[in-house]
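Working notes for the structure below.
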Amino acid sequence: MDFLPDQLLWEILSRIKKTTDRNSVSLACKRLHGLDNEQRQSLRVGCGLDPANEALTSLCSRFVNLTRVEITYAGWMSKLGKQLDDQGLLILSNYCPSLVDLTLSYCTFITDVGIRHLSSCSKLSALKLNFNARITGCGILSVVVGCKNLTTLHLIRCLNISSFEWLEYLGRLETLEDLSIKNCRAIGEGDLIKLGSSWKKLKCLQFEVDVNYRYMKVYDRLAVDRWQKQWVPCENMVELSLVNCIISPGRGLACVLGKCKNLEKIHLDMCVGVRDCDIIGLAQKSKNLRSIFLRVPSDFSLPLLMNNPLRLTDECLKALAQNCSMLESVRISYSDGEFPSFSSFTLDGILNLIQKCPVRELAFDQVYSFNDVGMEALCLAQHLETLELIRCQEISDEGLQLVGQFPRLSILRLIKCLGVSDDGLKPLAGSYKLELLAVEDCPLISERGVLGAAKSVSFRQDLSWMF
């Protein structure tokens, strides 16, 4: 090892990705140990860090070029030792001058005092906080004021972040590209208007509302006026994910849907108020759309709402088929409680979308309008590579037996389907047409029935969901 050039050793170390393997290699000789210390750029620690502050000091002193650090205390109990506290973040800011990406998960001992220490990390561009209950909006403000290069901010279940000066400051900076806010009860859709001109830089927005607090944040008149009057530029938005949001005309995130010209991925999960016109406007603007996920609240399909304009219909699927020629991934789901005879989308509407777009990935969850006739139509789907059927009870063995005729299908997942059995998989036995067959919780399919049906087979059966 002493005669190998440093450049070659660096190349060898760079190809070792697993932390355990890197640790083992660094123990082989002093030279590799030293080079590993210089090259190591990422660190992930948690419950085993005891005593926390002293151990972190030792690690940061050893790995002097750390750029990415993740500290997670998932599953922590008091008997595992004291967690990292505010002093730990001071250590991090002092010993890691190259820190770019920091993730803190379940760090319940860290407060605004600790988070303020990060303001001295001038290179920090990504901050991700998951269930850090003692951090408030004041702490976040201190970070965004100090870290001028912040492009990524993820806040997940941070329950005490309630002041919004940090949103307004981010709006003035115009550096934010990736914003994720999930289950932060005090932050509502209306508050996002405070991002102001920063919307034009935003590439990815994920916003998830705690379903139990969906109606707690009521739009005030001022917020409504700001959304309607302010031009919300979303030309750079590539990915938009909304969960449990209220989509109301002229308010909040409804103003965003029709203005994303370069959107490639849209995820709408249990969003109350989404209308055909919202999806149609989206399809007409977003010609580059590649992926769409729609999970429709069951309320849309109750008999009393059959003529309600809030109900999504085939019209929005038609608009997607006509305008989104690059659409590759389609996932349609109905929430629990959906009535089979009142599906928003008909089989004709679904098939029209599949036939006109180069769909490679297709997933249905409780889409009762999709049946054996639909499976027969998929025999002509020239691009389809992955098919996932979840609780699609109208599909029988007759439809499943057609899978062998799908031109390019390589991955099939069957989950909680009651109408299919071992007989439906018999044509696949020994053919090894599929790369992967995954069967979960289908009561009439046995482990023996899946053997030889694909090059790789995954089988699991837990029927507790039926009772």
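The values are calculated or read from the model by the stated rules, or taken from the named source; none is laboratory data. These numbers come from a predicted model, not from an experiment. Note: ideal-geometry Cβ built from the backbone for every residue, glycine included; neighbour counts use all protein chains shown. Surface accessibility is based on the protein's heavy atoms, side chains included, excluding ligands, DNA and RNA. Shrake-Rupley method; radii C 1.70, N 1.55, O 1.52, S 1.80 Å.
Taking amide H as placed 1.01 Å from N in the peptide plane, the amide H of Gln206 sits under 5 Å from that of Leu179, Ser180, Ile181, Ser241, each at least 5 places away or on another chain.
The modelled label-to-label distance between Lys18 and Glu70, using points 7 Å beyond Cα along the C-beta direction, is 1.6 nm.
Over region 371-466, the alpha carbon radius of gyration divided by the compact-protein estimate 2.2 N^0.38 Å works out to 0.97. Shown here for region 343-450: trypsin sites (Lys or Arg not before Pro) in loop regions (DSSP other than H, G, I, E, B) with at most 14 other Cβ atoms within 10 Å, namely Arg408. Between helix 30-39 and the chain there is an angle of about 70 degrees, using the helix long axis and the longest principal axis of the Cα atoms.
3J(HN,Hα) couplings calculated from phi for region 366-371 with the Karplus curve 6.51 cos²θ - 1.76 cosθ + 1.60 (θ = phi - 60°) are, in sequence order, 6, 8, 6, 6, 8, 9 Hz; Gly and Pro show x.
How far is helix 52-62 tilted off the main Cα axis of the chain, in degrees rounded to 10, range 0 to 90? Once rounded, the angle reads 80 degrees. For region 371-466, the share of accessible area belonging to carbon and sulfur comes to 47 percent (1.4 Å probe, ligands and nucleic acids excluded). Spin-label model, Gln41 to Asp210: label points 7 Å out along the Cα-to-beta-carbon direction sit 3.7 nm apart. Suppose we keep just the DSSP beta bridges with both residues in the chain; what percent of those would be antiparallel, to 5? Once the DSSP bridges in the chain are tallied, antiparallel ones form about 0 percent.
Treating only the Cβ of Lys, Arg, Asp and Glu as charged (+1, +1, -1, -1), what charge dipole size does region 371-466 show about its Cα centre? Round to the nearest 20 debye. Please report the intermediate quantities before stating the final value.
Values: 9 positive and 14 negative charges, 60 e Å.
Taking the Cα centre of region 371-466 as origin, the dipole is about 280 debye.
Find how much the distance from Lys148 to Gln382 grows on full extension, using 0.36 nm per residue of separation minus their present alpha carbon separation; answer in nm with one decimal. Numbers along the way, then the final one.
Numbers: separation 234, 0.36 × 234 = 84.24 nm, distance 4.83 nm.
Stretched out fully, the Lys148 to Gln382 stretch lengthens by 79.4 nm.
Axis angle, to the nearest 10 degrees, between helix 137-146 and the longest C-alpha principal axis of the chain: 70 degrees.
Per DSSP H run of at least 4 residues, take -39500 (n - 2.57); add these up for the chain, divide by its residues and hand me the 222 nm value, nearest 500 deg cm²/dmol. -7500 deg cm²/dmol, from helical runs alone.
Provide the gained length on full extension for the span Ser78 to Asp423, in nm with one decimal, where the gain is 0.36 nm per separating residue minus the Cα-Cα distance. Before the final figure, lay out the partial values.
Working: separation 345, 0.36 × 345 = 124.20 nm, distance 5.31 nm.
Full-extension gain reported as 118.9 nm.
By how many nm would the segment from Leu27 to Gln7 lengthen if fully extended, with 0.36 nm per residue of separation less the alpha-carbon distance? Mind dumping the intermediate values first?
Working: separation 20, 0.36 × 20 = 7.20 nm, distance 1.93 nm.
Roughly 5.3 nm would be gained on extension.
Given R0 = 25 Å, the distance between the Cβ atoms of Ser335 and Ala133 translates into a calculated FRET efficiency of 0.30. The residue among Ala381, Pro443, Gly419 whose Cα reaches farthest toward the positive pole of the charge dipole of region 371-466, with charges on the beta-carbon of Lys, Arg, Asp and Glu, is Ala381. A 1.4 Å probe run over the protein chains yields, for region 57-146, 39 Å² of accessible area per residue, whole-number rounding. The distance between label points at Glu315 and Glu235 comes to 3.1 nm (points 7 Å beyond Cα on the Cα→Cβ vector).
Just in region 45-82: which trypsin sites (Lys or Arg not before Pro) are loop by DSSP and have at most 15 other Cβ atoms within 10 Å? Numbers along the way, then the final one.
On the way: sites: Arg62, Arg68, Lys79, Lys82; in loops: Lys82.
Listed in order of number, the matching sites are Lys82.
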